[in-house]
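Report on one structure; see the data block that follows.
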Amino acid sequence: MAGNISFAMIKPDAVAARRVGAILAHVQQAGFEIRALRMVRLSRVEAEAFYAVHQGRPFFKELVEFMCSGRAVAMVLEKPDAVAAWRATIGATDPAEAAAGTIRKLFAESKGRNAVHGSDSDETAAREAAFFFPERELALLGWGAAG
Ligand code: CMP
């Protein structure tokens, strides 16, 4: 059964462009409950670990450089079928292919600098949330090791 929680991130391009408020408004208008939120600054090692699944891909170095280039906002979002709902709300990875009205269509610059991140499965969402939020906080959301 699909879970009700996804991990999401506002990436350094959108934070630098002062789009945090506009994107959070979009998140709430789309019906997501913001259950946890934190502004973060990733080190290179952390960015490599967060995106370890993409190690070896041609864009990996560029992705890591970008993700540790400035502050980002990490979030846990709740909505029925949250992973699919959030992916629909942000649109395709490449803003040129993203549907009208999606966050990436509205705010992303390019496939690399694409404003927001969304988990690709419930399992990934749990792992990604645990990367940024303490276990006891996730447990209070009814999620994580104790959830
Ligand atoms: P995200 O959903 O955060 O997960 C992996 C990221 O890799 C993706 O968003 C893109 O920002 C990035 N990415 C995927 N393909 C490319 C590409 N061809 N060039 C640069 N970055 C890419």
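Numbers at a glance
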{"item": "Single unsatisfied condition, L77 versus (1) part of a strand (DSSP E or B); (2) hydrophobic (A, V, I, L, M, F, W, C); (3) near the ligand (Cβ under 10 Å from one of its atoms)", "result": "(3)"}
{"item": "Residue in the stretch 105-117 that is more than 15 Å from the ligand (Cβ to nearest atom) and either of a type in the set (V, I, T) or open to solvent by 60 Å² or more (accessible area, probe 1.4 Å) (or both) present", "result": "yes"}
{"item": "Where a residue in the stretch 8-32 is closer than 11 Å to A108 by Cβ and its partner, wherever it lies, is open to solvent by 30 Å² or more (accessible area, probe 1.4 Å) and within 14 Å of the ligand (Cβ to nearest atom), with Cβ under 7 Å and at least six apart", "result": "D13/E109; D13/R113; A14/F107; R19/F107; I23/F107"}
{"item": "Per-region count, the stretch 123-141, residues over 22 Å from D13 (Cα atoms) and open to solvent by 50 Å² or more (accessible area, probe 1.4 Å)", "result": "8"}
{"item": "Yes/no for A88 being of a type in the set (G, A, S), within 11 Å of the ligand (Cβ to nearest atom), modelled with pLDDT of 95 or more and within 15 Å of the chain's Cα centre (by Cα)", "result": "no"}
{"item": "Subset of the stretch 107-133 that is among the hydrophobic types (A, V, I, L, M, F, W, C) and in a loop (DSSP other than H, G, I, E, B) - its residue that is farthest from H26 (Cα to Cα)", "result": "F133"}
{"item": "Residue that is farthest from the ligand (Cβ to nearest atom) [pool: residues in the stretch 1-28 that are within 19 Å of F132 (Cα to Cα) and open to solvent by 30 Å² or more (accessible area, probe 1.4 Å)]", "result": "N4"}
{"item": "From the options G31, G56, residue that is modelled with pLDDT of 95 or more, over 15 Å from the mean Cα position of the chain (by Cα) and away from the ligand (no atom under 16 Å from the Cβ)", "result": "G31"}
{"item": "Filter result for E62 (in contact (Cβ under 8 Å) with a residue 24 or more places away in the chain, within 15 Å of the ligand (Cβ to nearest atom), more than 15 Å from the chain's Cα centre (by Cα) and open to solvent by 10 Å² or more (accessible area, probe 1.4 Å))", "result": "yes"}
{"item": "Residues (open to solvent by less than 30 Å² (accessible area, probe 1.4 Å) and farther than 18 Å from V83 by Cβ) located in the stretch 29-56", "result": "V40, L42, A47"}
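The values are calculated or read from the model by the stated rules, or taken from the named source; none is laboratory data. Keep in mind it's a predicted model, so treat the numbers as computed, not measured. Positions of Cβ are backbone-derived with ideal geometry, glycine not excepted, and every protein chain shown enters the neighbour counts. With ligands, DNA and RNA removed, areas are computed over all heavy atoms of the protein, side chains included. Shrake-Rupley method; radii C 1.70, N 1.55, O 1.52, S 1.80 Å.
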